[in-house]
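These notes are about the structure you will find just below.
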């Protein structure tokens, strides 16, 4: 299989050095751990580091290895910096790129090429799958042998902790047979390091590196000055005949040495090729192939919940979940169910899809799926009205594509209980109104829909009442449940659910359609009455498998959304005519959350828009594909090769929020495949 490559050539580019400090890379390990930074080699946010380990609760994800200073001594003893020793100011951006001639992703892994007076060096960073280990590899492609000086800078803190978090104490450095350990206390993980290469040695030079600037933290309204610590530096010779690898890990030494370090890159490339080989044929190459590789980053084993993992494995299954976004999200129920088709079914990872569904079925509580699992926590938080309803959608997509009826048989009792809980009412005010059979939700102080911004006690978009997408999802769930009950238990058992669905549909079309405005209310029976804010939520009334909206209204709704909300990289969360509309997602946490769902563009919403478009124009695959064209350029922005969470509401649509978001990647990948010409499309995808 051909290697998928995305290449950025720098020396011929007129961009300023600062722009390469805004473009980021990401490598993950399938445990929630990751390595991430900027092309320029400077740290700009609290989450940047070369090893963030995914560790069992209560630790969670821990920053262990913050930065690496890289210097090269050429054969004529000339010194050159590949990255600065102390990345303290904006001026140091230049040190990270003055010799950088190319940056690329090979099969999704970052590769830097440095050209120094005819000497060409390549560096690659990778993490072995399911290991809290990072390997930084150097190859000399052209020129005489050189000497590398590699100075690691470290911290030992939660990846979420502010950058001004004090160093945890006095680091103890120990060495046995050129293997080095850095430890602070028995309560914190130990960092283990070694260098593979010729003539390697380590020089102890303990030093604290103060006042390191983190400009993105400053822009986001957080502490922006931090401290790192270095134990000293490695020196090692690099020649065309022997590569060099720096390994850093929180794994035991036996696990580290078993990795076959010299072959680890080839092993990881082969793993990624195998993942592509099982994907649908239309997503194995090109942009779709890149997105399939990006999708792999979000599928993880949740190492923190060891008891749940043991129980599920005892049942004969494995445990798998979805990280909602990097760098700061954990696994969220809503995001997981929306992302499941794009991340697992489009990519042929059916076993992962099944394991995700079984895992979340295990977490059902009084008819609700968890909204999220906090960092380092074992128990989920359940304040969501829609994650449970998206569960029905995800199961439908899985069963339709895999024909795994045993899964449906296993889950059906859970689904019936979920519906029964919703009919009689459950937590957070979630329940069916017996007057009109619509699903209402809302509790003071809680944000229960996907528009869930909250700062302290301020719920920015509470949407308490009967929200349009909640009722679209409820109707879809009722229809799916009736279909499945009829299939497994017979028509008599299905009739009550069919009757409930009919009542819901009649009330929905009576209550939500605004003939005066030509689109749907966002909320009816809200705290301030019916809300006519023009939002993308109304799309779900027609985009789901069982549309609750009468077909005569589809074109009007689609036209309204296209005219007022559509952008080249997703949909605005609120139309510009609304008094609460914000053009930019910018500033401190209060300013950002005030705009989070008040105009800010969300990439994932392009998925339901294309679904709705093809409901109205079923033969217009080419037209639907055009709505994805803006994402091609975006793959060279923010996190290279991935798709951001959100964007400003107006041109130039600056990427914001998480630099790599699961449902953004999933929905673009899913609809990219869906809009392939029919002769190239896998028939099971429809």
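The table below lists the values:
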| item | result |
| --- | --- |
| Pairwise centroid distance, computed over Cα atoms, of region 592-634 with region 496-544, Å | 21 Å |
| For 261, 52, 256, order by how many other beta-carbon atoms lie within 10 Å, fewest first | 261, 256, 52 |
| Using alpha-carbon coordinates, inclination of helix 491-512 to the longest axis of the chain, degrees | 90 degrees |
| Relative contact order (%) - region 5-261, alpha-carbon pairs under 8 angstrom, separation at least six | 20 percent |
| Gain in span if fully extended, residue 147 to residue 678, counting 0.36 nm per residue against the direct Cα distance | 185.6 nm |
| FRET efficiency, residue 201 to residue 222 (Cβ-Cβ, R0 41 Å, nearest 0.05) | 0.55 |
| Rough spin-label spacing in nm, given labels placed 7 Å along Cα→Cβ, for residue 274 and residue 170 | 4.7 nm |
| Stretch gain in nm, segment residue 495-residue 584, where the contour uses 0.36 nm per residue and the Cα spacing is subtracted | 27.1 nm |
| Cα gyration tensor shape of region 565-686, rounded if a/c is under 1.5, else prolate or oblate by comparing a/b with b/c | prolate |
| Cut-off 19 Å (backbone N to label point 7 Å along Cα→Cβ of residue 314), residues of region 336-361 | 358-361 |
| With eigenvalues of the C-alpha gyration tensor scaled by 5 and rooted, region 453-547, Å | 29, 16, 11 |
| The chain, relative contact order in percent, only Cα pairs under 8 angstrom and at least six apart counted | 11 percent |
| Computed E for residue 591/residue 625 - FRET, C-beta separation, R0 30 angstrom, nearest 0.05 | 0.25 |
| Pairwise label distance in nanometres, residue 417 with residue 617, each label 7 Å out on the Cα-Cβ vector | 4.6 nm |
| Order of 554, 112 under a 10 Å beta carbon neighbour criterion, fewest first | 554, 112 |
| Sorted peptide list for 410-423, 619-632, 570-583, 639-652, criterion being average Cβ within 10 angstrom, highest first | 639-652, 570-583, 410-423, 619-632 |
| Approximate spin-label separation residue 409-residue 5, in nm, with each point projected 7 Å along Cα-to-Cβ | 5.1 nm |
| Kirkwood-based shape ratio for the chain, expressed as Rg/Rh from alpha carbons | 0.99 |
| Gain upon complete extension [residue 328, residue 19; 0.36 nm per residue less C-alpha separation] | 109.0 nm |
| Over region 72-223, relative contact order from alpha-carbon pairs under 8 Å, at least 6 apart, % | 16 percent |
| Estimated [θ] at 222 nm from DSSP helical runs (n ≥ 4, -39500 (n - 2.57)) normalised by residues in the chain, nearest 500 | -9000 deg cm²/dmol |
| 0 to 90° range, to nearest 10: angle between helix 468-488 axis and the chain longest Cα axis | 80 degrees |
| For peptides 449-455, 587-593, sequence by mean Cβ density within 10 Å, most packed first | 449-455, 587-593 |
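No value in this document is a laboratory result; all are computed from the given coordinates. A quick note: this is a predicted structure, and the numbers were derived from the prediction, not measured. Cβ coordinates were reconstructed from backbone atoms using ideal geometry, including for glycine residues, and neighbour counts include every protein chain displayed.
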